[in-house]
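Asks: Please see the structure below; I have some questions.
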Ligand SMILES: Cc1cc2nc3c(=O)[nH]c(=O)nc-3n(C[C@H](O)[C@H](O)[C@H](O)COP(=O)(O)OP(=O)(O)OC[C@H]3O[C@@H](n4cnc5c(N)ncnc54)[C@H](O)[C@@H]3O)c2cc1C
């Protein structure tokens, strides 16, 4: 069984930053991630894609409402959502590469699969292909959070969607009601 000084479960900003720091401090470190890509909510379905889309919508807004004031006249401005999404995916993909590089550079072993505790030191990593046990002197749980399903909505992920699906829309909806006016709700509304 592979043994590590530290096993980090979850590769979001909480997980990958602590894994890098542990490795920098000389500890033999592993990170376990259940999704095929590292980066957690933030990189895959949170901060990064939402900011990429926000930048695009801001340009669109400015070109429609502010450019003429500067004497910049553009006719027939249209939004090509496919291209907007392509740009967002490119940004995510570049950051995935960056994260992969950081794992290698800091000699952090990456395990793809769902991590669960067998006992206080042994973690079972399970994916479609295999099950593997790894041993950690210390374990960091950085498993983050997921959108909460409200019991009175049928969250079909088509008409009633979460912050994850909205980042992959195929067309711009004519109307949208956002439940929740925190930072994420306001940002997605924009
Ligand atoms: C739309 C949106 C926009 C946001 N914008 C911002 C922003 O601008 N600025 C900001 O600071 N924050 C923002 N956030 C919040 C930010 O994404 C989270 O605070 C951050 O991702 C939390 O990091 P984390 O490492 O704790 O968890 P997560 O990023 O959720 O990562 C947890 C990881 O653990 C993995 N995992 C869970 N269980 C297991 C298991 N048993 N085995 C293996 N892996 C497991 C998950 O697959 C996931 O990859 C935004 C969130 C959303 C949804």
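Asks: Quick check on my filter: what residues within region 27-46 are buried (at least 21 other Cβ atoms within 10 Å of the Cβ) and farther than 17 Å from residue 166 by Cβ?
Replies: Within region 27-46, 29, 30, 31, 32, 33, 38, 39, 40 qualify.
Asks: For the condition under 16 Å from the mean Cα position of the chain (by Cα), surrounded by 15 or more Cβ atoms within 10 Å (Cβ to Cβ) and in contact (Cβ under 8 Å) with a residue 12 or more places away in the chain, what is the one hit in 102, 167?
Replies: Just a single option satisfies the conditions, and that option is 167.
Asks: What residue, among those in region 120-147 that are closer than 20 Å to residue 22 by Cα and within 11 Å of the ligand (Cβ to nearest atom), is surrounded by the fewest Cβ atoms within 10 Å (Cβ to Cβ)?
Replies: Among them, the one singled out is 141.
Asks: Can you pull out every residue in region 17-48 that is in a loop (DSSP other than H, G, I, E, B) and more than 13 Å from the ligand (Cβ to nearest atom)?
Replies: Hits for region 17-48 are 25, 26, 27, 28.
Asks: Confirm whether residue 133 is at negative phi and touching a helix residue (DSSP H, G or I) at 6+ places or on another chain (Cβ under 6 Å).
Replies: No, not satisfied.
Asks: Also: Can you confirm whether region 69-85 contains a residue that is within 28 Å of residue 32 (Cα to Cα) and surrounded by 10 or more Cβ atoms within 10 Å (Cβ to Cβ)?
Replies: So far as region 69-85 goes, no, none of its residues is within 28 Å of residue 32 (Cα to Cα) and surrounded by 10 or more Cβ atoms within 10 Å (Cβ to Cβ).
Asks: Could you list all residues from region 105-119 that are without any contact (Cβ under 8 Å) to a residue 12 or more places away in the chain and under 13 Å from residue 16 (Cβ atoms)?
Replies: Matches in region 105-119: 105 only.
No value in this document is a laboratory result; all are computed from the given coordinates. Quick caveat, the model's predicted, so the values are computed rather than measured. No Cβ is skipped: glycine too gets one built from the backbone with ideal geometry, and neighbour counts run over all protein chains shown.
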